[in-house]
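The values are calculated or read from the model by the stated rules, or taken from the named source; none is laboratory data. Note that the structure is predicted; figures quoted are calculated from it, not measured. Virtual Cβ from ideal backbone geometry, glycine too; neighbours counted across all protein chains shown.
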Amino acid sequence: GHCRLAATPQNQRLVADAAKHVNEKVVAVLSALQAGSRGTQACIDAAATIAAIIGDLDTTILFASAGTLHSEKENDTFSDHRENILKTAKTLVEDTKTLVGGAAGTQEQLASAAQSAVTTIVQLCEVVKLGAMSLGSGNPEPQVLLLHAARDVASALRDLASATTAASGKHVSHPDMQRLKHAAKVMVTNVTSLLKTVKAVEDEHTRGIRALESTIEAISQEVEVLLSP
């Protein structure tokens, strides 16, 4: 036989109420799931954002290699950007520690750590780009070196975010936790390499300026000798 509910207003209301109740339950379950995975979701989002940053750096590296990357500002020097690069790199190391710790913490802590790390890597890549531009397009090699070093840092952070997603909530002896520690080491190593590149580029740039200044000085003296009676 047919089990059909008579379409009376009362029955329609009962069906509507039941549907509403089910809907509320679904929303509650989804909210709980979201809250329970907020940190891991933030890590997944972080990895996706960093992939876009790496793509942007790749484009900038192409411009630098072609000798078309230069600053719009007059008298822009690398030393104007060095402090910002160093300061932001140090912040990123702190963010790395917090992110690794976040894997064993709450989802809230993990989400906050992932968001901080993304904010810092965006800033770091931006200040490195400005530093590279200040070197001028006449000497693309140090520009490319610097940008590649920043790209390595971004790439390591993307891997670290993925490793954190996998390790979140796992026991300290779990293989995913060991992989996370390894990813953190690679990350810190790459930040150190970036700082060494900054120093090498600055030394080279300073040497170049000194050589240029001494050449100008020597030419001025030659001119004076020529012009002297």
- Item | Tally, over the stretch 75-90, of residues that are buried (at least 17 other Cβ atoms within 10 Å of the Cβ) and either of a type in the set (S, T, N, Q) or under 20 Å from Arg38 (Cβ atoms) (or both) | 2
- Among the residues of the stretch 112-122, is there at least one that is of a type in the set (A, V, I, L, M) and either more than 16 Å from the chain's Cα centre (by Cα) or under 22 Å from Glu72 (Cβ atoms) (or both)? yes
- Give the stretch 91-109 a look and list any residue that's in a loop (DSSP other than H, G, I, E, B) and surrounded by fewer than 22 Cβ atoms within 10 Å (Cβ to Cβ), or say none. Ala104, Gly105, Thr106
- Message: Can you find a residue that is acidic (Asp, Glu) and modelled with pLDDT under 75 anywhere in the stretch 24-46?
- Response: yes
- Looking only at the stretch 110-126, which residues are surrounded by fewer than 21 Cβ atoms within 10 Å (Cβ to Cβ), closer than 18 Å to Asp58 by Cβ and not acidic (Asp, Glu)? Val122
- The condition from (1) surrounded by fewer than 18 Cβ atoms within 10 Å (Cβ to Cβ); (2) modelled with pLDDT of 90 or more; (3) not hydroxyl-bearing (Ser, Thr, Tyr) that Glu72 misses is numbered (2)
- Residue identified as over 21 Å from Cys43 (Cβ atoms) and in contact with a Lys or Arg (Cβ under 8 Å, 6 or more places away or on another chain) among Glu222, Glu141, Glu217, Glu202: Glu202
- Message: So the check is Cβ under 6 Å with 6+ separation or different chains; which pairs have a first residue in the stretch 125-141 that's of a type in the set (Lys, Arg) and a second one that's modelled with pLDDT under 95?
- Response: none
- Among the candidates Leu180, Leu195, residue that is in contact (Cβ under 8 Å) with a residue 12 or more places away in the chain, crowded, with 20+ Cβ neighbours inside 10 Å and not β-branched (Val, Ile, Thr): Leu180
- Query: Which one of these is buried (at least 17 other Cβ atoms within 10 Å of the Cβ) and assigned to a helix (DSSP H, G or I): Gly55, Gly39?
  - Reply: Gly39
- Does the stretch 33-65 hold any residues that are touching a helix residue (DSSP H, G or I) at 6+ places or on another chain (Cβ under 8 Å) and among the aliphatic types (A, V, I, L, M), and which are they? Ala35, Ala42, Ile44, Ala46, Ala47, Ile50, Ala51, Ile53, Ile54, Leu57, Ile61, Ala64
- Query: Would you call Ser65 touching a residue at least 40 places away in the same chain (Cβ under 8 Å), surrounded by fewer than 17 Cβ atoms within 10 Å (Cβ to Cβ) and either closer than 24 Å to Lys199 by Cβ or hydrophobic (A, V, I, L, M, F, W, C) (or both)?
  - Reply: yes
- Lone qualifier among His148, His174 - being free of Cβ contacts under 8 Å to residues at least 40 places away in the same chain and closer than 30 Å to Ala103 by Cβ: His174
